[in-house]
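The values are calculated or read from the model by the stated rules, or taken from the named source; none is laboratory data. All values derive from a computational prediction rather than experimental measurement. Counting neighbours? That spans all protein chains shown, and the Cβs are built from the backbone with ideal geometry, glycine included. Just the protein is used for accessible areas: all its heavy atoms, side chains included, with ligands, DNA and RNA removed. Shrake-Rupley method; radii C 1.70, N 1.55, O 1.52, S 1.80 Å.
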Amino acid sequence: MALIIFLAFALLLHGALGELICEQLPVDLCAYSIATSGQRCLLENYEEKDGTVKYQCKTTEIFVDTVNEWIESDECVSSCGLHRETVGVSSDTLLQPQFLAKLCSDESYQACPNIVDLYSNMALGEGTYLPTLCADPCLAKHQARSNGDAALAPASSTVAQAPEAAVFGRC
């Protein structure tokens with residue numbers, strides 16, 4: 001039912017605007033959307049003179065090659081461990097074991113190509129591949145500690161485990 005409402009709203013929004021423009025999207029649909037131009041939308045915040053924080057949807061300079069006019073579904077946002085209220089976007093989330101576990105799950109990786117594409121490109125920007133991080137989540141932690149230049153310790157070495165080890169096993 002939610003999907004039907006989402007699609008109906010998306011069609012109405014498209015019909016009313018003629019095209020999907022980030023700056024015209026409601027704040028609660030901005031994050032992870034793609035404009036008609038193929039540019040990603042980004043939720044930003046700013047402080048008004050009276051000190052109140054306001055949010056606005058902005059068009060980025062990041063182009064998506066394969067999709068345009070896309071409003072990401074709430075199901076994908078949730079299953080990937082993300083939130084609609086996300087301001088900005090950062091590759092730092094690729095270092096968070098709980099996020100990486102959700103993004104790499106079959107539920108997300110197979111069903112949410114827009115979000116996977118976004119984080120694949122961010123991983124590339126950091127010098128690695130998302131499929132590699134999904135196959136070896138410990139790699140993200142080691143690359144973060146070493147800027148990607150150090151070799152991984154042998155599997156037999158004894159290393160104190162961080163709390164996230166429960167998610168990924170021994171890293």
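A few remarks follow.
- Cβ-Cβ contacts under 8 Å between residues 6 or more apart (or on different chains), taken from a first residue in segment 121-139 that is under 15 Å from THR93 (Cβ atoms) and surrounded by 14 or more Cβ atoms within 10 Å (Cβ to Cβ) to a second residue that is among the charged types (D, E, K, R) and modelled with pLDDT of 90 or more, are absent.
- The sole residue among LEU3, LEU12, LEU17 that is open to solvent by 50 Å² or more (accessible area, probe 1.4 Å), at pLDDT below 95, hydrophobic (A, V, I, L, M, F, W, C) and under 27 Å from ALA101 (Cβ atoms) is LEU3.
- Near pairs, Cβ below 6 angstrom, 6+ apart or cross-chain, from segment 72-86 (more than 15 Å from GLN110 (Cβ to Cβ)) to any residue that is of a type outside the set (Phe, Trp, Tyr) and open to solvent by 30 Å² or more (accessible area, probe 1.4 Å): GLY81/LYS102; ARG84/ASP28
- When segment 37-88 is limited to residues that are hydroxyl-bearing (Ser, Thr, Tyr) and either open to solvent by 70 Å² or more (accessible area, probe 1.4 Å) or part of a strand (DSSP E or B) (or both), the one that is nearest to ILE21 (Cα to Cα) turns out to be THR59.
- THR36 fulfils the conditions (1) among the β-branched types (Val, Ile, Thr); (2) modelled with pLDDT of 95 or more; (3) in contact with a Lys or Arg (Cβ under 8 Å, 6 or more places away or on another chain) except for a single criterion, (3).
- Only one entry of GLN96, GLN110 meets the criterion of being open to solvent by 80 Å² or more (accessible area, probe 1.4 Å) and modelled with pLDDT under 90, and that entry is GLN96.
- Residue within segment 150-168 that is surrounded by 15 or more Cβ atoms within 10 Å (Cβ to Cβ), at pLDDT 90 or above, of a type in the set (A, V, I, L, M) and more than 30 Å from LYS54 (Cβ to Cβ) present: no
- Filter pass, LEU103 being touching a strand residue (DSSP E or B) at 6+ places or on another chain (Cβ under 8 Å), open to solvent by less than 30 Å² (accessible area, probe 1.4 Å) and more than 16 Å from ASP28 (Cβ to Cβ): no
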